[in-house]
Amino acid sequence: MIEQALKVADTDGVEALTIRRLAQDLGVTPMALYWHFKNKDELLAGVAEHVMADVTPDFDPADPWNGRLRKMVEALVGVLRRHPSAHDIFHGVEKGQMHSFTRATEAALDLLSTAGFTLTEGFRIASYLLDGSLALVDGEPGCPKYMTPQEAVEWRRQKRLALESLPADQFPLMVEFSQTFEIEPDLEEFYAFGIDLLMAGVEAMAAKKAPSSATPSSTA
């Protein structure tokens, strides 16, 4: 049931996900679903709970705190990439009422406490990593996914021409950057770089508190 609800949201958008639509897809009456969810808000909360369950992976106890925190961020970004609707779903539910979200937050606070952060600082960092992950996926480079390969080529060409038309004496670097639109972006490199960027700030702050505890995650 939840998997089908998630499929509807990912395919047609959160707006399309209703009790009536889900009942139709499952071949049951809406009343059959009202036993499980009183309204759309409860349905969305159930979907969010299901999605967030993958964000707290099993850790190797031997891994340093930042290696384990990185795995959580990678898991979150992976969930957001797999489910386009997750962004809107997360913004439409009360996260404090989600067990899986609370469990992930508790795990993050524990790791950040190990790094020397106070609980207040840890909560701020956990919120920053969540928002940063959402922004990272939101900012995925490349053309809109609904475009055909031919349309994508033309989309990139138009982007390149728009930047190339800037006055080169005023914006030489932007004009040079226009050449990056000639090829499709490397999405795996984009996400690896973005996660590195998010983690680097946390690790740098941790190093000021307890230098010996801030093992670079690249060596984890």
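The values are calculated or read from the model by the stated rules, or taken from the named source; none is laboratory data. In this text, all values refer to a predicted model and were calculated from it rather than measured experimentally. As a convention, Cβ positions derive from the backbone with ideal geometry for all residues, glycine included, and neighbour counts pool all protein chains shown. The accessibility values were calculated without ligands, DNA or RNA, using every heavy atom of the protein model including side chains. Shrake-Rupley method; radii C 1.70, N 1.55, O 1.52, S 1.80 Å.
Picking from A192, A152, which residue would you name as being surrounded by 12 or more Cβ atoms within 10 Å (Cβ to Cβ), modelled with pLDDT under 95 and not charged (D, E, K, R)?
Numbers: A192 fails: modelled with pLDDT under 95.
Matching residue, one of A192, A152: A152.
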Taking first residues from the stretch 168-182 that are open to solvent by less than 90 Å² (accessible area, probe 1.4 Å) and second residues anywhere that are among the basic types (K, R) and assigned to a helix (DSSP H, G or I), the pairs with Cβ under 8 Å that are 6 or more apart or on different chains are S178/K159; S178/R160; Q179/R160; F181/R156; F181/R157; F181/K159; F181/R160
Residues that are open to solvent by less than 50 Å² (accessible area, probe 1.4 Å), of a type in the set (F, W, Y) and either at pLDDT 95 or above or over 17 Å from the mean Cα position of the chain (by Cα) (or both): does the stretch 118-131 have at least one? no
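Those residues that are among the small types (G, A, S) and either buried (at least 19 other Cβ atoms within 10 Å of the Cβ) or within 20 Å of M98 (Cβ to Cβ) (or both), I need them from the stretch 50-75; list them, please. Give the derivation first.
First, the residues of the stretch 50-75 that are among the small types (G, A, S): 53, 62, 67, 75.
Once the filter is applied, which keeps residues that are among the small types (G, A, S) and either buried (at least 19 other Cβ atoms within 10 Å of the Cβ) or within 20 Å of M98 (Cβ to Cβ) (or both), the stretch 50-75 yields A53, G67, A75.
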Name the residue, out of A16, A32, A5, A23, that is without any contact (Cβ under 8 Å) to a residue 40 or more places away in the chain and open to solvent by less than 20 Å² (accessible area, probe 1.4 Å). A23
Of all residues in the stretch 35-46 being under 20 Å from S100 (Cα atoms) and modelled with pLDDT of 80 or more, which is surrounded by the fewest Cβ atoms within 10 Å (Cβ to Cβ)? D41
Per the filter on the stretch 97-111, residues within 18 Å of the chain's Cα centre (by Cα) and either farther than 14 Å from G122 by Cβ or open to solvent by 40 Å² or more (accessible area, probe 1.4 Å) (or both) are M98, S100, F101, T102, R103
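Does R81 meet the test of being touching a residue at least 60 places away in the same chain (Cβ under 8 Å), part of a helix (DSSP H, G or I), open to solvent by 40 Å² or more (accessible area, probe 1.4 Å) and out of contact with any Asp or Glu (no Cβ under 7 Å at 6 or more places or on another chain)?
Working: touching a residue at least 60 places away in the same chain (Cβ under 8 Å): yes; part of a helix (DSSP H, G or I): yes; open to solvent by 40 Å² or more (accessible area, probe 1.4 Å): yes; out of contact with any Asp or Glu (no Cβ under 7 Å at 6 or more places or on another chain): yes.
It is true that R81 is touching a residue at least 60 places away in the same chain (Cβ under 8 Å), part of a helix (DSSP H, G or I), open to solvent by 40 Å² or more (accessible area, probe 1.4 Å) and out of contact with any Asp or Glu (no Cβ under 7 Å at 6 or more places or on another chain).
Restricting to the stretch 132-149, what's the tally of residues that are crowded, with 17+ Cβ neighbours inside 10 Å and at pLDDT 90 or above?
So the count comes out to 5.
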Determine whether the stretch 6-18 contains at least one residue that is within 30 Å of M199 (Cβ to Cβ), outside any helix (DSSP H, G or I) and not charged (D, E, K, R). no
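Of all residues in the stretch 113-169, which are among the hydrophobic types (A, V, I, L, M, F, W, C), farther than 23 Å from D12 by Cα and assigned to a loop (DSSP other than H, G, I, E, B)?
Keep residues of the stretch 113-169 that are among the hydrophobic types (A, V, I, L, M, F, W, C), which gives 115, 117, 119, 123, 125-126, 129-130, 134-137, 143, 147, 152-153, 155, 161-163, 166, 168.
This time we only want the ones that are farther than 23 Å from D12 by Cα, so: 115, 117, 119, 123, 125-126, 129-130, 153, 155, 161-163, 166, 168.
Residues satisfying the conditions are A115, F117, L166, A168.
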